[in-house]
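The values are calculated or read from the model by the stated rules, or taken from the named source; none is laboratory data. These numbers were taken from a predicted model, which means no experiment stands behind them. Methodologically, a virtual Cβ is constructed for each residue, glycine included, from the backbone with ideal geometry; neighbour enumeration extends over all protein chains shown.
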Amino acid sequence: MGRLAGVERCAARCAARRDAPDTEDCARDVTGRELSLDFDYTGANLVFVVGCPRSGTTWVQRLLATHPRIRTGQESDVFDLYVGPQLRAWQHELDPDSSGRGGVGLGCYFQQDQFLQILKRYTLELLQPMVGDLEAEELFVEKTPSHVLFIPEIVALLPRARFVHVVRDARDTVASLLGASRTWGRSWAPRRASNAAATWVTHVQAGLNAQRALPAAQFVEFHYEALHVDGKRALRQLVDWLDVPWTDADIRSALERNSPDAARAGRGTPIPLGGEFAVSIGPVVKEPEGFIRQARAGAWRDDLTPVEKLAVWRVARSTMAEVGYTWSAPWSP
């Protein structure tokens, strides 16, 4: 809450600046062409699907992208790798308690409102391929799981963006992370159950912090298990929250098209690729072998060893209870 409020105060200073660009002025991209995104673009047509990696965010993304008025693309990392760290670095430099030295960094050359305007223009250029040509009633679903860690920064620059926080049982998430670490996810997935559980806690707590700070119309918690219990009802609730009309028949079709078996066979809703990767890889995302594992709730009972269960229980049980997963003891089902 504190960090979210602090970032918003920074953005407010930029917006209130007397010589800020007129709302009708367009930013320009690196070629000098006018961008279709105004400088005061608020992100109202942008939906971020976030959560701990291996929580089912791709499944939710593909389901939503089946709708004719929803577009999507591969994970962009735009805020967790590009924009967010720059904003955090700026705030860190201006914090008098962050360093023994003062007056070091870009704060020596820019005032805060100037820096934020530069960062906003940079952000608009990066978002242009995603939302620049959307029609009036269309949405873009951006799915980068770890964007949940940068929601304060996203809201500071895009105050009307919405967030779907996908939450999955920590035990199944850890089992999936460990499985990925042994195959296609060796470069990033934690190899120890305790580390994987800590990753889950960090991401879920970030989502809980955002949920406390944002209105219900802007942030929703969506449980992975709900798609297994009653997928039609769960997806209906989600599209109603997004205020996107969809018939029951279309929802049923989206669920069938993106079932785990269909996705494994490459028949799920395609996620388009653009830019450099469209040339080197192809026009659609091809998930690595093993990306979709068992895709069921409760597989942790067989997948985790007793030692791994104990590690998850020690690290995650408190946060699990906060999001509705009770676990009295590591040996209990």
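I'm trying to understand the selection: among the residues of segment 253-277, which are more than 13 Å from Trp59 (Cβ to Cβ), under 22 Å from the mean Cα position of the chain (by Cα) and of a type in the set (Gly, Ala, Ser)?
Within segment 253-277, Gly274, Gly275 qualify.
Condition (residue is closer than 22 Å to Trp246 by Cα and at pLDDT 95 or above) applied to segment 72-90: is it met by at least one residue?
Yes, the conditions are met somewhere in segment 72-90.
When you scan segment 223-277, how many residues do you find that are touching a residue at least 40 places away in the same chain (Cβ under 8 Å) and at positive phi?
1
Kindly indicate whether any position in segment 63-73 is closer than 30 Å to Ala262 by Cα, of a type in the set (Ser, Thr, Tyr) and in contact with a Phe, Trp or Tyr (Cβ under 8 Å, 6 or more places away or on another chain).
Scanning segment 63-73 turns up at least one residue that is closer than 30 Å to Ala262 by Cα, of a type in the set (Ser, Thr, Tyr) and in contact with a Phe, Trp or Tyr (Cβ under 8 Å, 6 or more places away or on another chain).
Of the residues Ala295, Ala316, which single one is under 22 Å from the mean Cα position of the chain (by Cα), touching a residue at least 12 places away in the same chain (Cβ under 8 Å) and either outside any loop (DSSP other than H, G, I, E, B) or under 19 Å from Val201 (Cβ atoms) (or both)?
Just one listed residue meets the conditions, Ala316.
Which condition breaks for Ser328 when tested against (1) small (Gly, Ala, Ser); (2) within 25 Å of Gln205 (Cα to Cα); (3) surrounded by 15 or more Cβ atoms within 10 Å (Cβ to Cβ)?
(3)
It is to be established whether one or more residues within segment 38-50 are under 26 Å from Leu227 (Cβ atoms), of a type outside the set (A, V, I, L, M) and under 10 Å from the mean Cα position of the chain (by Cα).
yes
Please go through segment 45-68 and give me each residue that is in a loop (DSSP other than H, G, I, E, B), of a type outside the set (Val, Ile, Thr) and surrounded by fewer than 24 Cβ atoms within 10 Å (Cβ to Cβ), ordered by number.
Asn45, Pro53, His67, Pro68
Taking segment 268-296 as the search range and keeping residues that are closer than 30 Å to Ala329 by Cβ and surrounded by fewer than 18 Cβ atoms within 10 Å (Cβ to Cβ), which one is modelled with the highest pLDDT?
Applying the filter and picking the extreme gives Arg296.
Report yes if Trp241 is among the aromatic types (Phe, Trp, Tyr) and part of a helix (DSSP H, G or I), otherwise no.
So Trp241 fits the description; yes.
Got at least one residue in segment 18-37 being outside any helix (DSSP H, G or I), in contact with a strand residue (DSSP E or B) (Cβ under 9 Å, 6 or more places away or on another chain) and at pLDDT 95 or above?
Among the residues of segment 18-37, not one is outside any helix (DSSP H, G or I), in contact with a strand residue (DSSP E or B) (Cβ under 9 Å, 6 or more places away or on another chain) and at pLDDT 95 or above, which makes the answer no.
So which of Gln74, Gln86 is under 19 Å from Thr144 (Cβ atoms) and in a loop (DSSP other than H, G, I, E, B)?
Gln74
Say we look at segment 258-267 and pick out the residues that are part of a loop (DSSP other than H, G, I, E, B) and touching a Gly at 6+ places or on another chain (Cβ under 9 Å); which of these is surrounded by the fewest Cβ atoms within 10 Å (Cβ to Cβ)?
Going through the qualifying residues, I end up with Ser259.
Of the residues Ile70, Ile118, which single one is touching a residue at least 24 places away in the same chain (Cβ under 8 Å), farther than 25 Å from Val204 by Cα and of a type in the set (Val, Ile, Thr)?
None of the other options fit; the residue is Ile70.
If a residue has to be surrounded by 13 or more Cβ atoms within 10 Å (Cβ to Cβ) and more than 21 Å from the chain's Cα centre (by Cα) to count, how many in segment 241-252 make the cut?
Count: 4.
Would you call Leu177 under 27 Å from Lys286 (Cβ atoms) and buried (at least 24 other Cβ atoms within 10 Å of the Cβ)?
yes
Among the residues of segment 225-237, is any touching a helix residue (DSSP H, G or I) at 6+ places or on another chain (Cβ under 7 Å), within 24 Å of Pro152 (Cβ to Cβ) and among the aliphatic types (A, V, I, L, M)?
No - not one qualifying residue is present in segment 225-237.
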